[in-house]
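First up is the structure itself, then whatever we jot down about it.
Just so it is clear, none of the values below were taken in a lab; they were calculated from the coordinates. All of these numbers come straight from a predicted model, not from anything done at the bench. Cβ: placed from backbone, ideal geometry, glycine included. Neighbour counts: every protein chain shown.
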Amino acid sequence: IESSIDDLGDGGDGIVEFLTEIRSSGRDCHTAAREASTLCDDTISKAEELVEFGGEIKATLTGFGSEGMDASVLEDIKDLMDGDKVRAATALAGEMAHLA
């Protein structure tokens, strides 16, 4: 291959540099694609967590409507509003914003 490059007249320096740049660009593209793939996977995972959390809130609020003023239902709502789930959902939403 080197002798073929040398036959081009300029010692092949321009071709070698060009091919080296192409290889470097290919590596950069591959790295960017892997990062994008990871970002997509993270986004899907976070979206699934948000959907699951929304389902939990809906189930609790549906229970509140159908069960009346049961103390356990009110406690569940209090936990949703004051507890770890709201903080977790807020943090999750923040992570989603960061991913965008």
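One table, with the values for the structure above:
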read-out	value
Inter-probe distance in nm under a simple model that places probes 7 Å from Cα toward Cβ, at Arg87 and Leu61	2.3 nm
Ranked packing of 32-45, 49-62, most packed first, by mean Cβ within 10 Å	49-62, 32-45
Inter-label distance for Glu95 and Glu21, nm, one decimal - labels placed 7 Å from Cα along Cα-to-Cβ	4.2 nm
Contour excess over end-to-end distance, with Cα ends at Thr43 and Asp79 and 0.36 nm allotted per residue	10.3 nm
